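Below is one structure, written out as structure tokens; comments come after it.
Each reported figure results from applying straightforward, stated rules to the coordinates on display, with no laboratory input. Quick caveat: nothing in here was measured; it's all calculated off a predicted structure. Cβ: placed from backbone, ideal geometry, glycine included. Neighbour counts: every protein chain shown.
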Amino acid sequence: MPRPRKSEVQPPPAIVPAEALESAPAAAGLETVETRYSAESLRRNARQLFQVNPEVVDGALYGTSGRELTIAEAQSLIKAYMQREVR
């Protein structure tokens, strides 16, 4: 697989304290719009965002190709993947 061009690479998502995310929109009365990230971007930052190996993100996001996800959506998919019963 060829490496992405610099113009195609997205910067890693910024880690913001939960208190800042919850209080700011509620105080202003605004609805927040979460940023969506490619599966590759989430995979590259798996350890920082989800405290799992990139291979876990690969397994959890299998079948979602071409779909961009928010960090919360990816987190819920990873949690469900980790709790699956192994056959």
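For the peptides 37-46, 56-65, the ranking by mean Cβ contacts within 10 Å, running from highest to lowest, is 37-46, 56-65.
On the basis of the beta-carbon distance and an R0 of 30 Å, VAL33 and THR64 show a calculated FRET efficiency of 0.90.
Is segment 34-82 rounded, prolate or oblate when judged by the Cα gyration tensor, a ≥ b ≥ c being the square roots of its eigenvalues, rounded requiring a/c under 1.5 and prolate requiring a/b larger than b/c? Verdict is rounded for segment 34-82.
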